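So the structure is just underneath, and the comments pick up after that.
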Amino acid sequence: MATYAHDRFIDGYNELADKVHATCIEKGFWPENRNDGEAIALMHEELSEALWALRHGNPADEKLPDFLNLEVELADAIIRIMDYGKGRGLRVAEALVAKMAYNATRPYKHGREF
């Protein structure tokens, strides 16, 4: 069931994704033959860089020193997801809200012993 907060999140996410995608196009990251596998690998690369930050003491980011490196790398991963989703016409924000609602119905640890 959608709520006002969910609707606001979706609207805000999509507005920001529009800006992210426009910037990525402007900066040359969307050639005509954009490769989906490469785009997903770049998302993964940002998460790998987040892990690197943790393994190396999570220093302040070199370009944004007011933030920890982990914070910036996670932001980079989200930016890449937003860009890709918008570029491919995917409803990522809507899927996120739906997935959260579904996960709320699942049993503890999804019924598995980990």
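Every read-out reported here was derived from the displayed coordinates using simple, explicitly stated rules and does not represent laboratory data. Owing to the predicted nature of the structure, the values given are computational and were not obtained by experimental measurement. Counting neighbours? That spans all protein chains shown, and the Cβs are built from the backbone with ideal geometry, glycine included.
Just give me the residues in region 2-25 being assigned to a helix (DSSP H, G or I) and of a type in the set (A, V, I, L, M, F, W, C), in sequence order.
Answer for region 2-25, where residues must be assigned to a helix (DSSP H, G or I) and of a type in the set (A, V, I, L, M, F, W, C): Ala5, Phe9, Ile10, Leu16, Ala17, Val20, Ala22, Cys24, Ile25.
Can you run down the residue pairs with Cβ atoms below 6 Å, 6 or more apart or on separate chains, where the first is in region 57-71 and without any contact (Cβ under 8 Å) to a residue 40 or more places away in the chain and of a type outside the set (A, V, I, L, M, F, W, C) and the partner is surrounded by 12 or more Cβ atoms within 10 Å (Cβ to Cβ) and in a helix (DSSP H, G or I)?
Asn58/Asn69; Asn58/Leu70; Pro59/Asn69; Asp61/Asn69; Asp61/Val72; Asn69/Ala53
Return yes when Ala53 is under 24 Å from His6 (Cβ atoms) and under 19 Å from the mean Cα position of the chain (by Cα) and no when it is not.
no
From the list Arg112, Arg80, exactly one residue is among the basic types (Lys, Arg) and exposed (fewer than 13 other Cβ atoms within 10 Å of the Cβ). Which is it?
Arg112
If you take the residues of region 44-78 that are in a helix (DSSP H, G or I) and in contact with a Leu (Cβ under 7 Å, 6 or more places away or on another chain), which of them is nearest to His21 (Cα to Cα)?
Ala77
Only one of (1) in contact with a Cys (Cβ under 9 Å, 6 or more places away or on another chain); (2) outside any helix (DSSP H, G or I) is not met by Arg106, so which one is it?
Every listed condition holds for Arg106 apart from (1).
Each row is one residue, and each column tells you yes or no for (1) aromatic (Phe, Trp, Tyr); (2) surrounded by 15 or more Cβ atoms within 10 Å (Cβ to Cβ).
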site	(1), (2)
Phe9	yes, yes
Ala22	no, no
Glu26	no, no
Ser48	no, no
Pro59	no, no
Gly85	no, yes
